[in-house]
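Here is the structure we will look at, set down as structure tokens.
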Amino acid sequence: AAPRITPVELSARKGGTPIVCLTAYTYPVAYLLDPHVDLLLVGDSVAMVLHGHKTTLGATMDMMILHGQAVMRGSRHACVVLDMPAGSYEGSPAIALAFARRLIGETGCNAVKLEGGVDVAAQIAAITSAGIPVMGHIGLQPQSVEKDGGYKIKGGTDAAIAALLADAEAVERAGAFSMVVEGTMEPVAAEITRRATIPTIGIGASAACDGQILVTDDAIGLTVDRVPKFVKEYADLRNTVSEAAVRYASEVRARTFPGPEHVFQPKGTKES
Ligand code: KIV
Ligand code: NA
């Protein structure tokens, strides 16, 4: 089998064919997406999307490891990136490296991702220096929404634009192989992409980015909570699931399921 796409290969695609990224948390979804994407992110959004937490602060190391292992079992082609959960890297570069080593060691994932710019550059440098590829994540940082007082789009003032450009530069200089740019004004994401020599992966950002990512459950219409404006729904799984449940329930109540083809008869009796 062909080997997985590596972070180094993705880095080399700066300015080329856009890099296709989606989140995955489970074996079947990883299996279904793997042939079609370049990168699968085991995002800490798993805490909200699959576990019903109010924010991504509900993600734990154990949660990330279990879902990372499931996604690795379900995929063989995509580069798999695992989010570092809140609390696992902010403290110091040494703490960040220790937790990054554990995430990679227990899952076999290709890289880790962490949120922040100038503030976490030392952490990114420590992890990449140890040979573990890092994806940055700047702009809207879901682990900080409580602190920020909600989901706020970034880059609306000159000061905010300058801060974003500084974050992008810091992440690149620290050795990240690419960076997610989330929830910014469109021209700012385009400018970050022009300046950076590593690929930018946009979400609520700009079509000019070097790639795009969405939360898969949002993109397939399975998210039951609020869906952000930047999401495009490519399928309507909410209705598909509800309609299947309605038909199943009515057939169980009418005793038309299970049918003769779904049950077992002892040998020598006729299936009627
Ligand atoms: O956790 C996540 O799903 C993410 C992406 C939205 C970039 O960080
Ligand atoms: Na995340």
Report task. Provide the packing ranking of 37-44, 221-228, i.e. peptides ordered by the mean count of other C-beta atoms within 10 Å per residue, highest first. Result -> 37-44, 221-228
Requested in this report: With everything on Cα atoms, drop me the angle between helix 93-107 and the longest principal axis of the chain, reported from 0 to 90° to the nearest 10.
Outcome: 30 degrees
Query raised in the report: So which of Lys154/Lys229; Lys113/Lys229; Lys113/Lys232; Lys14/Lys113; Lys154/Lys232 end up more than 22 Å apart by C-alpha?
Result: Lys113/Lys229; Lys113/Lys232
Requested in this report: Compute the FRET efficiency between Arg101 and Thr197 as 1/(1 + (r/R0)^6), taking r as their Cβ-Cβ distance and R0 = 41 Å, and round to the nearest 0.05.
Outcome: 0.95
Query raised in the report: Once you list every other residue whose beta carbon is under 14 Å from the beta carbon of Asp218, what net charge do they have if Lys and Arg are +1 and Asp and Glu are -1?
Result: -1
Query raised in the report: By how many nm would the segment from Thr256 to Ser129 grow when fully extended, if each residue of separation counts as 0.36 nm and the alpha-carbon distance is taken off?
Result: 39.5 nm
**Report entry** Potential extension, Ala122-Val20 segment - 0.36 nm per residue separation minus Cα distance
**Finding:** 33.9 nm
Report summary line: Of 49-58, 178-187, 249-258, 92-101, ordering from highest average Cβ density within 10 Å down gives 178-187, 92-101, 49-58, 249-258
Report task. Apply 1/(1 + (r/R0)^6) to the Cβ-Cβ distance of Lys229 and Val263, taking R0 = 51 Å, and write down the FRET efficiency to the nearest 0.05. Result -> 0.55
Query raised in the report: So between Arg76 and Ala163, what do we pick up on full extension, going 0.36 nm a residue minus the alpha carbon distance?
Result: 27.5 nm
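Values quoted throughout were computed directly from the atomic coordinates according to the rules given, and no laboratory measurement underlies them. Only a predicted model underlies this, so the values are computations on that prediction, with no experimental measurement involved. Cβ sites come from the backbone with ideal geometry, for glycine too, and all protein chains shown count toward neighbours.
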